[in-house]
Each structure stands twice: as structure tokens, then as C-alpha cells.
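Working notes, structure below.
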């Protein structure tokens, strides 16, 4: 189902962050697709999507979704960036 997950992932990309029920649902669906892709067979493609999402994220939800197991570099960068904000690190 990788092709379907890729299609849904791309179809739900948003450039502007809004706190709106529809947008929240799209972020949730998109991030679930990212999760499934990250643990799929195409590791190179998954790493590309996870890394792109991390660096292009304009909200904490998308940034956190890119913090998947196996992404040690991104996890370390996240900790470095937010280490002075205890609530964020706790999340």
C-alpha cells in the first residue's frame, strides 16, 4: 500500500498552519501515512520524507511526527533546538 500512503501523504500537505478541525484531521492523516512509510520497505524514500517533513514543518505536530525511531540525528537536533523549553522536551 506504499503508493497509496505516498499519494495521501502528498495530498494532505498544507503550507499554512491553522487550528481548524479539518486541518487537524489532515495533519493527523498525513502523519499516520508518514509513520507507515517510515516502517515500510523503501528505507531511502522514508528517510527522505521524514527529513523533509522535519525541516519544512511549521508546527510542533509535524515536527514531532518526524521524530520516529531510527532518526537519531533528527532526535538529537530536536533536543538541541528545544532544550531550554522543558514542556516541549517533556512532550
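Each reported figure results from applying straightforward, stated rules to the coordinates on display, with no laboratory input. Bear in mind that the values here come from a model prediction, so they are computed numbers and not experimental data. For neighbour counting, all protein chains shown are included, and Cβ atoms are generated from backbone atoms with ideal geometry for every residue, glycine included.
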**Q.** For 63, 15, order by how many other beta-carbon atoms lie within 10 Å, fewest first
**A.** 15, 63
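Can you sort 21, 10 from fewest to most other Cβ atoms within 10 Å of each residue's own Cβ?
Values: 21 8, 10 11.
With the sparsest Cβ surroundings first, the list reads 21, 10.
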Q) Okay, which of region 40-55 sit inside 17 Å, backbone N to the point 7 Å along the Cα-Cβ direction of residue 26? A) 53
Q. Could you state the per residue volume, in Å³, of the convex hull enclosing the Cα atoms of the chain?
A. 95
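Treat the count of other C-beta atoms within 10 Å as a stand-in for reagent exposure and order 5, 35 from fewest to most. Don't jump to the answer; show the numbers that get you there.
Details: 5 18, 35 15.
Lowest to highest Cβ neighbour count: 35, 5.
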